[in-house]
Amino acid sequence: MNFAGVTWYVLGITHSTVKVSLIVILVTLPGLVVPPFGGVLIDRVDRRYLGIVIDAARAAIVLGTAALAYAGRLALWELYSMVLLLGVGFAIYWSTTNALIQELVPREKLVAANATVLIAVQGGMAAAGAMVGFIYEHTGLAGILGIDGTTYLISAICLLLLRHGYCAPREIQNIRLVSASPTIEAPPEMSEPVLMRTDEAEHGVAGVFADIAEGLAYLREQPRVLALGFTYACMMAGVISANVLVVALAKDLLSAGARGYGWIEAGWAGGAIAGGLVAGVAARKRPYGVLVVALATLAVGHTLFPYARVLWVAVAMNALFGVCRALGGVLTQTSIMAAVPRHLMGRTQSAFSVIATVLQVGMSFILGWFAEHVTLSIAFLLLGAIYGGGVLAALRVRALSLSPRKTPAPVV
């Protein structure tokens, strides 16, 4: 809702798509810089408190901007500043949330928890997408930002009520030898033992970089976890960068306009919710096959997407893509949460976030250029290729899970 409202507002007052594209750049850039340091913070402090602080800060920023817009005193640089600061929050928040889910939810219920989160997010996005035009038309940008800022406050309150006391990740682990529990990708005998650091966390700049180095060392020694991260990063990069092409598909090939684009996006949201509902069953029955088939469907389906010349076919295809995205996301995130030690989860998630952001930025530019200067069909073919990279990474996960493992060196 925030992004759509800000985009329409900037386009309306500037009539410049370049200035609109600056919004995307500002919200994305922090994802290339902030996560490595944010991951260290996530692994040092209580994730619940960190989420509360991020939500409260975002609420103050957005509601302050809403007040300026309501008073008619909002300058463009102030709006851009809000977008940049929200980008910093986004770069930390979802890694924080995933680490908190891993911390609070028993391993046997991770699939259900991740599916519930996905359904809630997709449901909220679908509802916001349906209402944003109506709200913007009647209240303008101030109303959009007022609602968005209020949701951050509600989120902060929910986190506040989640539990009591301060619980740092290292305290929860109690400085002991732990073994990553079997994931949906690996049987019990193939779980990967990890030795926790037994020294106190270093402080200052040296300590931050030491923690970053520890996280990178962990990923080097756990190729299966790294392959899972690449699987997830390829999928998310494809999901985000696909927006560049779906708009052109609705406008230029289907001649469906904004209403048709809305139906295509509604198909995606409905499919994602359906995929979340069936993810629990899929995780119990042949998870290897489900993950690979879901990613392969995204790869082949997006290659064929520009040949859907009828709106209802495009809507149906995007609904199928939503199902596959949900299945792939739930299966990979659950396996990552089950495999990674809690004291390294923030840095692991942040590393995967950087990979996904780099792929997203690069693919968005490449897809946009090919769609404009070559053909939309070739651009969709390239989009299918990024999902194909996810298929290869998932096959790598499967091969590493089924092959005899070598005990990795402890992370010290």
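May I ask you to list the residues in the stretch 121-157 that are hydrophobic (A, V, I, L, M, F, W, C), surrounded by 17 or more Cβ atoms within 10 Å (Cβ to Cβ) and over 23 Å from the mean Cα position of the chain (by Cα)? Across the stretch 121-157, the qualifying residues are 135, 141, 142. Scanning the stretch 89-99 for residues that are of a type outside the set (Gly, Ala, Ser) and surrounded by 22 or more Cβ atoms within 10 Å (Cβ to Cβ) yields 92, 96, 98.
Scanning the stretch 202-212 for residues that are of a type outside the set (Gly, Ala, Ser) and either crowded, with 18+ Cβ neighbours inside 10 Å or at pLDDT 85 or above (or both) yields 208, 209, 211, 212. Residue count for the stretch 241-268, restricted to those that are over 23 Å from the mean Cα position of the chain (by Cα) and of a type in the set (Ser, Thr, Tyr): 1. Go through the residues of the stretch 14-28 one by one and say whether even a single one is surrounded by 19 or more Cβ atoms within 10 Å (Cβ to Cβ) and modelled with pLDDT of 90 or more. For the stretch 14-28, residues surrounded by 19 or more Cβ atoms within 10 Å (Cβ to Cβ) and modelled with pLDDT of 90 or more: absent. Of the residues making up the stretch 62-74, one or more are surrounded by 18 or more Cβ atoms within 10 Å (Cβ to Cβ) and not aliphatic (A, V, I, L, M).
Taking the stretch 213-255 as the range and being among the polar types (S, T, N, Q), buried (at least 20 other Cβ atoms within 10 Å of the Cβ) and more than 21 Å from residue 343 (Cα to Cα) as the test, the residues that pass are 231, 241. Selection of first residues in the stretch 1-30 that are among the small types (Gly, Ala, Ser) and of second residues that are assigned to a helix (DSSP H, G or I), restricted to Cβ pairs under 7 Å at least 6 apart or on distinct chains, gives the following pairs, ordered by first then second residue: 4/132; 5/132; 5/136; 5/141; 5/144; 5/145. Restricting to the stretch 50-80, what's the tally of residues that are among the acidic types (Asp, Glu) and closer than 30 Å to residue 168 by Cβ? Qualifying residue count for the region: 1.
Only one entry of 91, 66, 99, 57 meets the criterion of being closer than 30 Å to residue 165 by Cβ and more than 20 Å from the chain's Cα centre (by Cα), and that entry is 57.
The values are calculated or read from the model by the stated rules, or taken from the named source; none is laboratory data. Because the structure is predicted, anything quoted here is derived from the model rather than measured. FYI the Cβ positions are ideal-geometry reconstructions off the backbone, even for glycines, and counts take in every protein chain you see.
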